[in-house]
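Asker: Mind having a look at this structure? Questions to follow.
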There are 2 protein chains.
Amino acid sequence: MRLTTKGRYAVTAMLDVAYHSEKRPVSLTDIAKRQNISLSYLEQLFSRLRRAGMVEGVRGPGGGYQLSRDAKLINIADIITAVDEPLDSTRCGGQGNCQNDQPCLTHDLWMGLSEQIRLYLSTINLHDLLQRKNVRRVAQRQDRRVKITAVITAPREEAGAETGG
Amino acid sequence: MRLTTKGRYAVTAMLDVAYHSEKRPVSLTDIAKRQNISLSYLEQLFSRLRRAGMVEGVRGPGGGYQLSRDAKLINIADIITAVDEPLDSTRCGGQGNCQNDQPCLTHDLWMGLSEQIRLYLSTINLHDLLQRKNVRRVAQRQDRRVKITAVITAPREEAGAETGG
DNA sequence: ACATATCCGACGAAATTAGTCAATTTTCTA
DNA sequence: TAGAAAATTGACTAATTTCGTCGGATATGT
């Protein structure tokens, strides 16, 4: 279980989808604005998330992504492993070939740690996260800051007060 | 608490010191051979470990490094934080400035995870690790494979069978 | 004196991560 | 049917980190 910013972005984006996709799919453009992640990078991430069966893409205007199953059934560990390359074998992680085809001195230690992390993150699912007060507060702040493109054919409005907080 | 190969190398090297330094200091050259870590990289790591007060360097022939306190009093979390830059502030780790001076959506989640990892690694010290059967077995295998420079003025021996496994 | 070995800092290559760009396909709406 | 919205794909680039090298300086045992 590797921990990189890639995985963190993925979890953040999935949380955004879980929070906003009850009525309609969530476009990556909206996620990009709210979460300050580049659209192109989100495309990469959701390509993997989709192939991992965690989200479904809906094409065309008004489309976007939505969870492919209940938020309670998607835990954080799943999301992270979905977007990170499974290069457990190259590093000391997978097999015990860390030192000339033999396990290195601390092989078991890192295996145990990896398992600990996985266990911890497996206990947390998207639904749980959304219940947390801090998460909801941040999500509401983001919604206020960013005018999304929810109404499809709405006339272009001059959204004032962009710079303010 | 970041987890990189740097930290893994440091823990491995410290474990090597703990295992071998009961009688005399352990030279970085020996660690390099046993653990397959480059001497120059070890110098970097031990520079930090020394400044963190975990090891003491002994100069001159027969010198090397030894633990500065009992192996029971050195835990894994300490070692890793000693060699890794404390760039918690730049990443989402330290303050809550992950998104425009505000905490990002998953800030608390990563803080909690970080704490979990730290707690887990704090419970393991070098002495504990050395008691593990797998660790001892690997250490003994390494000792057989590598002829160390224990005897200072020993005549140079042609150590054969280098390419094999 | 000399060899061993820590100590120190700067440098550079290789690997990995993060992010961009360009193009295609699908689907909705008019 | 045209046009726009949006997913989908893959190659490419930039930035960062890791890993390792080099050249020295200092200390110390024989």
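Every number in this text was worked out from the coordinates using simple rules, so none of it is lab data. Model, not experiment: these values are computed from the prediction. Backbone-built Cβ (ideal geometry, glycine too); neighbour counts: all protein chains shown.
Asker: Taking amide hydrogens as modeled 1.01 Å from N in the peptide plane, which residues meet the under 5 Å criterion relative to B:Q99, leaving out close sequence neighbours?
Answerer: B:C104
Asker: Something else now. What FRET efficiency comes out for the pair B:E85/A:M111, r = Cβ-Cβ distance, R0 = 25 Å, nearest 0.05?
Answerer: 0.45
Asker: May I ask you to list the lysines whose Cα is less than 25 Å away from that of A:K133, ignoring any residue fewer than eight positions away on the same chain?
Answerer: Within reach: A:K6, A:K23, A:K33, A:K72, A:K147.
Asker: Apply the Karplus curve 6.51 cos²θ - 1.76 cosθ + 1.60, θ = phi - 60°, to the phi angles in segment A:11-23 and return the couplings in whole Hz, x for Gly and Pro.
Answerer: With the stated coefficients, segment A:11-23 comes to 5, 4, 5, 5, 5, 5, 4, 4, 6, 10, 9, 5, 8 Hz.
Asker: Starting from a label point 7 Å past Cα on the Cβ side, list the distances from B:Q116 to the same position in the other copies, nm, shortest first.
Answerer: In ascending order, 1.1 nm.
Asker: Using a 7 Å offset from the Cα along the Cα-to-Cβ direction at both A:R136 and A:T123, what is the distance between the two label points in nm, to one decimal?
Answerer: With each label placed 7 Å out from Cα toward Cβ, I get 2.3 nm.
Asker: I would also like to ask the following. List the distances, in nm and shortest first, from the label point of A:G53 to the matching label points in every other copy, placing each point 7 Å from Cα along the Cα-to-Cβ direction.
Answerer: From this label point to the equivalent ones elsewhere in the assembly: 5.3 nm.
Asker: Please list 3J(HN,Hα) in residue order for segment B:25-31, calculated via the Karplus relation 6.51 cos²θ - 1.76 cosθ + 1.60 where θ = phi - 60°; whole Hz, with x for glycine and proline.
Answerer: Karplus-based 3J(HN,Hα) across segment B:25-31 equals x, 10, 7, 4, 4, 5, 4 Hz.
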